[in-house]
Structure formats: structure tokens, C-alpha cells
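Below is one structure, written out as C-alpha cells, with a few remarks after it.
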Amino acid sequence: NTPKFIRNTAVDFFNVAVKRCNQLFVGEYMNDGTIFLKITAPATILSLSLELSLKSMLLSKSARVPKIHSLQSLYQSLATNDKNEILSIYKQIVVDPKLFPNFRYVKADVQDRFSKRKEFANLEEEIDFELRSHDNSFVKWRYLFEFSENDENVLDYNFSFVVRFSRSCFAYSKIFIN
């Protein structure tokens, strides 16, 4: 598989997921008790899309790409210049949080340390926090039906971040993957 094929596949997945988000996140969806079941598919597909985007960039720069699902590790594997370019694009992209909201499920017996919007010292800190929050999200969300009382206490997905960061990666990778 070539970097171009992987990037194009990532863009295709992204477009399908965004279309589904646009169908879901209008109207009275917040009052619907089944929303976590409904967001499973777009969360899974967006996570895979971002993972493939990062892998396409890594593959275009070297012959070896780690067989992992860790968004944070994949991003950290990029060269500093690549990360800086992605951050520069990220600053310019605006995503409507009403169209791409943040969902958080917290078990009743757990104190939610992150309920309030976390303040970050800089953009790099925000990106690091969000990538850690979404680390392995492709695996987590594709197996959501296996989520049980013994699993994590918090289930979180920030659609605004994933969409915005994915768009940044696509815009940057388009420059050198053709």
C-alpha cells in the first residue's frame, strides 16, 4: 500500500463519518437516550481515518510504520517540522461544536475530573491532552458493545477535536503525498 492509497482511504472514511455526524447532530439528539449507540459508528470511523492519515504521513517519510492504534504514539513519531506544520494548519481551522460535539459518559460512582473544559498553557499541551484522551479510540469505539462495568470509568469522544485535527493532517499531507 502506498501513502497515497492510505491517505485517500482515510479521506474517504472521514467523509462518510462526517456525513453521518451531520445526520446525527441536528435537532433533539441530546434528549435521545440512545445517542452513545448512534455515535459508535462515526467515532470508530473518524478514529480509523485519523490513524490512517498519520500512518500515511509516516509511510511517506520512511519505509516502516508501527502496527499500532495509538494516535498519540503515531503523532509523536512524526518529525518536529511535520508536527509544527500540522499545528499551524490546526490554528486556522474552525469546527462548529454544535455540529461536532463532545460526548462524555461517566459512571455514577466516579468523580469526573474533566467535566469542565480544561485550560491549556499552549496548543501543544491541548493536542497532547486530546490525543491521549483519544488514544486507541479506534479499538475502544469499535468494541463499544463490549463496554462493561469492569471497564474504564469515563468514555469520551470529542468530535470537534478529531474532525479539526484530521482536517489539519489531510491539508498538510496533501502537500507531499500525491
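All but one of (1) touching a Cys at 6+ places or on another chain (Cβ under 8 Å); (2) of a type outside the set (D, E, K, R); (3) surrounded by fewer than 16 Cβ atoms within 10 Å (Cβ to Cβ); (4) farther than 30 Å from residue 26 by Cα hold for residue 76; state the number of the condition that does not hold.
Condition not satisfied by residue 76: (1).
Can we say residue 88 is closer than 20 Å to residue 15 by Cα and modelled with pLDDT of 95 or more? Working first, answer last.
Details: closer than 20 Å to residue 15 by Cα: no; modelled with pLDDT of 95 or more: yes.
No: the conditions fail for residue 88.
In region 1-34, which residues are in a loop (DSSP other than H, G, I, E, B), modelled with pLDDT under 85 and in contact with a helix residue (DSSP H, G or I) (Cβ under 9 Å, 6 or more places away or on another chain)? Quick ask: steps written out before the conclusion?
Here is the first cut: in region 1-34, the residues in a loop (DSSP other than H, G, I, E, B) are 1-2, 25-28, 32-34.
Next cut, modelled with pLDDT under 85 only: 1, 25-28, 32-34.
1, 25, 32, listed by residue number.
Conditions (1) open to solvent by 10 Å² or more (accessible area, probe 1.4 Å); (2) assigned to a loop (DSSP other than H, G, I, E, B), marked per residue:
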residue: 36; (1), (2): yes, no
residue: 47; (1), (2): no, no
residue: 56; (1), (2): no, no
residue: 67; (1), (2): yes, yes
residue: 84; (1), (2): yes, no
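With (1) open to solvent by 60 Å² or more (accessible area, probe 1.4 Å); (2) out of contact with any Pro (no Cβ under 9 Å at 6 or more places or on another chain); (3) under 18 Å from residue 166 (Cα atoms) as the list, and residue 20 as the residue in question, which single condition is left unmet?
Answer for residue 20: the failing condition is (2).
The values are calculated or read from the model by the stated rules, or taken from the named source; none is laboratory data. What you see is a predicted model, and the numbers here were worked out from it, not measured in a lab. Note: ideal-geometry Cβ built from the backbone for every residue, glycine included; neighbour counts use all protein chains shown. Only protein heavy atoms, including side chains, enter the accessible area calculation; ligands, DNA and RNA are left aside. Shrake-Rupley method; radii C 1.70, N 1.55, O 1.52, S 1.80 Å.
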